[in-house]
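Just so it is clear, none of the values below were taken in a lab; they were calculated from the coordinates. The structure presented is a predicted model; accordingly, all values stated were derived computationally and were not measured. Positions of Cβ are backbone-derived with ideal geometry, glycine not excepted, and every protein chain shown enters the neighbour counts.
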2 protein chains.
Amino acid sequence: MDMRETQRNPMRDRILSVSAELFARNGYHATGVAELCKAVGLGRGAFYHYIGSKDELLYEISRRQVDEMNAFASRCVGAEGDAESKLRELARALMCNIAQYRAQWTVFFREFDVLRGQQREALLAARDQYESYWRQVFEQGASEGTFRVTDDLQLKGVLGMFNYAYLWLSAGPQAPEEVADVFVDLLLSGLRAN
Amino acid sequence: MDMRETQRNPMRDRILSVSAELFARNGYHATGVAELCKAVGLGRGAFYHYIGSKDELLYEISRRQVDEMNAFASRCVGAEGDAESKLRELARALMCNIAQYRAQWTVFFREFDVLRGQQREALLAARDQYESYWRQVFEQGASEGTFRVTDDLQLKGVLGMFNYAYLWLSAGPQAPEEVADVFVDLLLSGLRAN
């Protein structure tokens, strides 16, 4: 059903968001379709009409945030600007998205291994795509002479700093943009004094 | 049963390690006691004799690695040496532990929310303890004048770099010690050229 892939309607959005909360709270396997139906106030038939299958629901929850980040990163990386300002923008967008959709990111990181076959491949490809935007910014910085030359392992470390926030970032005293700025500053200047 | 808390015997160790693999692969909720019994070749009665309950099993899997890291960090931080060398040691020990016990760390990060009450509190306290060792090293570096003054948010970012490796670190071309060194170098010197 390609319709499901592209169609965004309010009921479908609501199912995705309510399910993400329940999956994040109780785990994907422990959350039954009956419970999901009850939470969104739909019968089983209507529920499956919107969703297709529980696996598809998991895939869609995970996929949406990655797609959103890719859309942002693609614009950001393709625009004018130096590497440092692009890095700041990528970091801020990611932290804001994790703060706003923490349930979705929790589900993504926690339940990814449930996905198989084509869904798994597609999600991995979308993640690789996202990493490649960060890589492009690092490469831009290196060719501008403002960043050191880095490799994929360092990129993993950098992304870890931000992604790990799905475990702790909450509506605390600091806005996600500030958290992003603090991390980028630490990353740019390093821990060493002077 | 305090005996269970302190006693380490081969069968108990085997149950913990086999269960960690199964929980990591299929999720805590989706893994039944019957499946665990079959995997370790024990009847239900004997299994419960060693373990107490499935929750206790989860707690113990998570707790052991944190305790091991705390024991190491306590020695490391209390020993002679400058902040940079201690930071390198902490980082190497953590990456080696994550590489060796990736299933256990996956279970820890993924299933933590299942734990309630005293177990949850005890595990959180043990994690805070671990963070405090890193904080002490940062403070030592600041008072030696070799590190910038940092705060808890920056510490979160640094730990994220390393902890996030539970999602991707595997027996790849790079030894976990090398990964740790690369991350520490990036962290110390920063991304900025010169």
Revision key, fill the gap. Cα-Cα longer than 30 Å, checked against A:Lys54/B:Lys156; A:Lys54/A:Lys86; A:Lys38/B:Lys54, kept in input order, equals A:Lys54/B:Lys156; A:Lys54/A:Lys86
Practice item. Could you give the C-alpha radius of gyration of the protein assembly as shown expressed as a fraction of 2.2 N^0.38 Å, taking N as the number of residues it contains? Key: 1.04
Review point. Gap in Å between the Cα centre of the range B:85-145 and the Cα centre of the range A:132-186?
Key: 21 Å
Practice item. Please sort through the DSSP H helices of chain A and keep those with an alpha-carbon extent of at least 15 Å along the long axis and a Kyte-Doolittle average not below -0.5. Key: A:10-26, A:83-100, A:152-163, A:176-189
Check your understanding: Among all stretches of chain A without exposed trypsin sites (Lys or Arg not before Pro) (DSSP loop, at most 12 other Cβ atoms within 10 Å), which one is longest?
Key -> A:9-115
Practice item. Can you find, among A:Ala165, A:Gly117, A:Phe138, the residue farthest towards the positive end of the dipole of the range A:111-174? Put +1 on the C-beta of Lys and Arg, -1 on that of Asp and Glu. Key: A:Ala165
Point to revise | Net charge, A:Tyr166 excluded, C-beta distance under 13 Å - Lys, Arg +1, Asp, Glu -1 | key: +2
Practice item. Specify, per residue and in Å³, the volume enclosed by the convex hull of the alpha carbon atoms belonging to the range B:115-169. Key: 95 Å³
Point to revise | Ascending list, in nanometres, of distances separating the B:Arg75 label from those of the other copies (7 Å, Cα toward Cβ) | key: 5.3
Practice item. Mind checking which of A:Leu155, A:Ile61, A:Ala34 is farthest towards the positive end of chain A's charge dipole, using Cβ charges of +1 (Lys, Arg) and -1 (Asp, Glu) about the Cα centre? Key: A:Ala34
**Study point:** the range A:47-194 - Kirkwood radius from inverse mean 1/r over Cα pairs (Å)
**Key:** 16.4 Å
**Study point:** Enclosed volume per residue, in Å³, of the convex hull spanned by Cα atoms of the range A:52-117
**Key:** 101 Å³
Point to revise | Copy-to-copy label separations for A:Thr146, where each label sits 7 Å from Cα toward Cβ, in nm and ascending | key: 3.1
**Study point:** Relative contact order %, the range B:71-190, counting alpha carbon pairs below 8 Å whose residues are six or more apart
**Key:** 43 percent
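Expressed as a fraction of 2.2 N^0.38 Å, the rule-of-thumb size for a compact globular protein of N residues, what is the C-alpha radius of gyration of the range A:1-96? Before the final figure, lay out each step's value.
Numbers: Rg = 16.8 Å, N = 96, 2.2 N^0.38 = 12.5 Å.
Cα Rg divided by the expected 2.2 N^0.38 Å: 1.35.
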Revision key, fill the gap. homo-copy label distances at A:Ser17 (7 angstrom along Cα-Cβ), nm, one dp, ascending, are 4.7
